[in-house]
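The values are calculated or read from the model by the stated rules, or taken from the named source; none is laboratory data. Fair warning: this is a prediction, and the values are worked out from it, not measured in the lab. As a convention, Cβ positions derive from the backbone with ideal geometry for all residues, glycine included, and neighbour counts pool all protein chains shown.
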Amino acid sequence: MASSGSPSSPTAEGKLDVEFTVPAQVEVAGHLMAEFAQRHCSAGRRVVLVTSGGTKVPLESRTVRFLDNFSSGRRGSSSAEYFLDSGYAVIFLHRHRSQYPYSRCYAGVNLLDALLLQGGEGGSGQVVADTGALPDIAAVLRRYQAVKDAELLLPVEFNTLSEYLHLLKAAAQALNPIGSKAMFYLAAAVSDFYIPASEMPEHKIQSSNGPLQISMKMVPKMLSPLVKDWAPRAFVISFKLETNPSILLERARRALDTYRHQAVVANVLDTRRGFVVVVTPHTQVELALSEDEARQEVEIEEKIVANLTAAHTAFIED
Ligand code: PAZ
């Protein structure tokens, strides 16, 4: 997605200053998300915004180099599938080319190695899927097509940090009218640091200038205005990733105290596929895969989504 357009307004906590130009596609995406939320809410469905993948922070305005992070988008894309299975309509705000619901099952498969050509010569013949290379393809395709036909999944892409921030704000404003029926599931790994456009070199940084020293600013915290102003009746879940397990729960509690949202899913980089803690103001629930479950390829996201959809029901009934 190209980042162009006019400078945005305000500053400080949760507000987007002039450094984050409004990407051209935000207005259209905002309308699509608002229409999607209204339509599904009128049909009796809850709507979840799932954010997924990492952000890209440019180091030059004609960008050659950028700062990125590890996130593959697997958490977000698999969670989106479990939300769909639970009857939610899903807005999937994801990093371009990160893992995507259903097709994620075949991430890393070379398309040409997964197809077989039968009969014919030259450009003719019949192309069929090699089910050895694409296990369960018929079942996965059936689920994907059902979701697509029912228009239950709205994909919205971002690439850069600026695009993510503006699209998150637009999504919050689009979901606000459906009140407590909206859930925010903020699993994307968003950079905490960026280089303001005014301080960014235009052209490729030259290695002939010697070692590189970069000074970066703090990215505005979006959770605060999201909870307070943009969608104050929604059910909001943030994620907290640490590499040091000994500080994880304290950091998750601190986030809850600061932003006053409903829950934090706390996870550690190395163990995130098999263990998380769902922290709420009054509870702390450990979700883990047993050895048996891991062997059977049960996904931790199934448990996370089951826990949070139940909590969302209680929240709506309250
Ligand atoms: O995308 P992925 O499946 O590789 O990783 C998921 C995750 C670790 C990015 C997510 O669970 C998470 O913790 N997101 C928030 C990261 C943070 O800003 O603390």
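Before moving on, here are some points about what is shown:
- Only listed residue being among the β-branched types (V, I, T), touching a Phe, Trp or Tyr at 6+ places or on another chain (Cβ under 6 Å) and on the phi < 0 side of the Ramachandran plot, chosen from V227, V264, V268: V227
- Of the candidates D257, D270, the single residue that is within 14 Å of the ligand (Cβ to nearest atom) and not in a strand (DSSP E or B) is D270.
- Against the list (1) basic (K, R); (2) in contact with a Leu (Cβ under 6 Å, 6 or more places away or on another chain); (3) outside any helix (DSSP H, G or I), the condition K303 fails is (3).
- Within the set S52, S98, S103, the sole residue that is modelled with pLDDT of 95 or more and surrounded by fewer than 15 Cβ atoms within 10 Å (Cβ to Cβ) turns out to be S103.
- Contact map, the stretch 185-197: first residue more than 14 Å from F70 (Cβ to Cβ) and in contact (Cβ under 8 Å) with a residue 24 or more places away in the chain, second residue away from the ligand (no atom under 14 Å from the Cβ) and assigned to a loop (DSSP other than H, G, I, E, B), Cβ cut-off under 7 Å, separation 6 or more or different chains; pairs are F193/M216; Y194/M216; I195/L59; I195/I214; I195/M216; P196/E19; A197/E19; A197/S61.
- Odd one out for A89, checked against (1) within 16 Å of the ligand (Cβ to nearest atom); (2) touching a Lys or Arg at 6+ places or on another chain (Cβ under 9 Å): (1)
- Only one of I304, I300 that is touching a Gly at 6+ places or on another chain (Cβ under 7 Å) and surrounded by 19 or more Cβ atoms within 10 Å (Cβ to Cβ): I300
- Checklist (1) farther than 21 Å from A171 by Cα; (2) among the hydrophobic types (A, V, I, L, M, F, W, C); (3) within 16 Å of the ligand (Cβ to nearest atom) applied to L59, failing item: (3)
- A Cβ distance below 6 Å, combined with a sequence gap of six or more or placement on separate chains, defines the contacts here; from the stretch 59-84, residues that are on the phi > 0 side of the Ramachandran plot reach residues that are of a type in the set (S, T, Y) and surrounded by 15 or more Cβ atoms within 10 Å (Cβ to Cβ) in the pairs G73/S52; G73/S98.
- Taking first residues from the stretch 223-252 that are more than 15 Å from L269 (Cβ to Cβ) and away from the ligand (no atom under 13 Å from the Cβ) and partners that are in a strand (DSSP E or B) and small (G, A, S), the Cβ contacts under 6 Å between residues at least 6 apart in sequence or on separate chains come to A234/A182.
- Scope the stretch 145-170; condition farther than 30 Å from V64 by Cβ and either among the acidic types (D, E) or buried (at least 24 other Cβ atoms within 10 Å of the Cβ) (or both); matching residues: D149, E151
- Residue ID - surrounded by the fewest Cβ atoms within 10 Å (Cβ to Cβ), chosen from residues in the stretch 263-280 that are closer than 16 Å to Y185 by Cα and over 18 Å from the mean Cα position of the chain (by Cα): T280
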